[in-house]
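Worksheet: the structure to be examined is printed underneath.
The values are calculated or read from the model by the stated rules, or taken from the named source; none is laboratory data. Quick caveat: nothing in here was measured; it's all calculated off a predicted structure. Heads up, the Cβs are rebuilt from the backbone with ideal geometry, glycines too, and the neighbour counts pull from every protein chain shown.
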Amino acid sequence: MRDRAEALHKKINEKLIGKFKGKEEEKNVKINNNIEIPITIYTPVDVNKDKLVIFFHGGGWTVNSRKTHQTIVNMLADATKSIWISVEYRLSPEHKFPIWLDDGCEVTRQILANKTAYGADENTKIGVAGDSGGGLIAASICHTIKNLDFQILITSQFDFFHKFPSRQEFNRPLFVIPMDVLDWFSSNALRNEDDKNDPRFSILLNKSFNSLPTCLFIVAELDPLRDDSYKYQEILEKAGVKTKLVLIKGVIHPFFSNPGIFVKSCQQVIDAVQEFMKNL
């Protein structure tokens, strides 16, 4: 499945691959027990070092990689004129929760503590971003690490009990991630059913949502996960967190990493992210 995902993304985004003219740098970030997490740092030609984004790819914590999402991340780096760092956190089922989430937290801590080593300045604003399962990682990191400046959550999953109407509304294979597929991903990602009650995973179960960084939600209209973002935005707004939500109409869940097909929809995302980051 992982090989197929990389091959499919390569074919879909073929015409856009290689258009990034900036600097691409591979590094390993050493975390606990000398584990090394690979990252790629994308620095556009005309970079403005006032912001840096740490990005976590989607794929149900089971599939996809930096390669599957490289095209859209390159486009976002170019459009925002900012450094984007893509993280190759370890995947399930080989590495169960909380390993993949801890990977994200530790890499984020290292970058925050050593900004200049990753191309930023001391005053650079640091944010996290991710799509789908990577969006959950980004959101959860913001509950664990308190000195982040912003978060960008794209078509993310926050509920694991199928509470919201969009789960039933789009519970068909046509929409790519019906409930049985979502359950398969979470069964890979978690050690057992009890992990669903851990607020680091089911972040809607957190007791406090105060002091979280300003948040941009990107939502796909025809997505079983659509209502997750609506609910989380509502919770953050009630807690006094500044948010913005952009609904991308007429698209299914996996559109974001496939700009080669979803040309206009991905451009809408890029425009929204560019405006959000410009106004931080």
From VAL45, VAL73, VAL107, residue being part of a helix (DSSP H, G or I), without any contact (Cβ under 8 Å) to a residue 60 or more places away in the chain and either in contact with a strand residue (DSSP E or B) (Cβ under 8 Å, 6 or more places away or on another chain) or farther than 20 Å from HIS9 by Cβ (or both): VAL73
Hits in the stretch 68-122 - residues which are closer than 25 Å to ARG2 by Cα and of a type in the set (D, E, K, R): GLU88, ARG90, GLU94, LYS96, ASP102, ASP103, GLU106
Among (1) surrounded by fewer than 22 Cβ atoms within 10 Å (Cβ to Cβ); (2) more than 25 Å from ASN74 (Cβ to Cβ) - the single one ILE252 does not satisfy: (2)
Scan of the stretch 72-94 for residues that are surrounded by fewer than 18 Cβ atoms within 10 Å (Cβ to Cβ) and under 17 Å from PRO38 (Cβ atoms), ordered by number: ARG90, GLU94
Residues satisfying the stated conditions in the stretch 217-247, i.e. among the acidic types (Asp, Glu) and either farther than 12 Å from PHE158 by Cβ or in contact (Cβ under 8 Å) with a residue 24 or more places away in the chain (or both): GLU221, ASP223, ASP227, ASP228, GLU237
The one condition in (1) among the charged types (D, E, K, R); (2) in contact with a helix residue (DSSP H, G or I) (Cβ under 7 Å, 6 or more places away or on another chain); (3) closer than 20 Å to ALA220 by Cβ that ARG90 fails to fulfil: (3)
Residue identified as assigned to a loop (DSSP other than H, G, I, E, B) and closer than 27 Å to TRP184 by Cα among HIS162, HIS143: HIS162
Answer from GLY240, GLY260 - the residue that is exposed (fewer than 15 other Cβ atoms within 10 Å of the Cβ), at pLDDT 95 or above and either in a loop (DSSP other than H, G, I, E, B) or touching a strand residue (DSSP E or B) at 6+ places or on another chain (Cβ under 6 Å) (or both): GLY240
The stretch 76-104, residues that are part of a strand (DSSP E or B) and either of a type outside the set (Phe, Trp, Tyr) or over 15 Å from ILE152 (Cα atoms) (or both): ILE83, ILE85, SER86, VAL87
Residue within the stretch 248-262 that is touching an Asp or Glu at 6+ places or on another chain (Cβ under 7 Å), more than 15 Å from THR155 (Cβ to Cβ) and of a type outside the set (Ser, Thr, Tyr) present: yes
Output for the stretch 175-214, where each listed residue is touching a strand residue (DSSP E or B) at 6+ places or on another chain (Cβ under 8 Å) and part of a helix (DSSP H, G or I): PHE175
Test: ILE145 is surrounded by 16 or more Cβ atoms within 10 Å (Cβ to Cβ) and either of a type outside the set (A, V, I, L, M, F, W, C) or under 9 Å from the mean Cα position of the chain (by Cα) (or both): no
Residue in the stretch 35-59 that is nearest to ASP78 (Cα to Cα), counting only those that are surrounded by fewer than 22 Cβ atoms within 10 Å (Cβ to Cβ) and in contact with a Phe, Trp or Tyr (Cβ under 7 Å, 6 or more places away or on another chain): ILE41
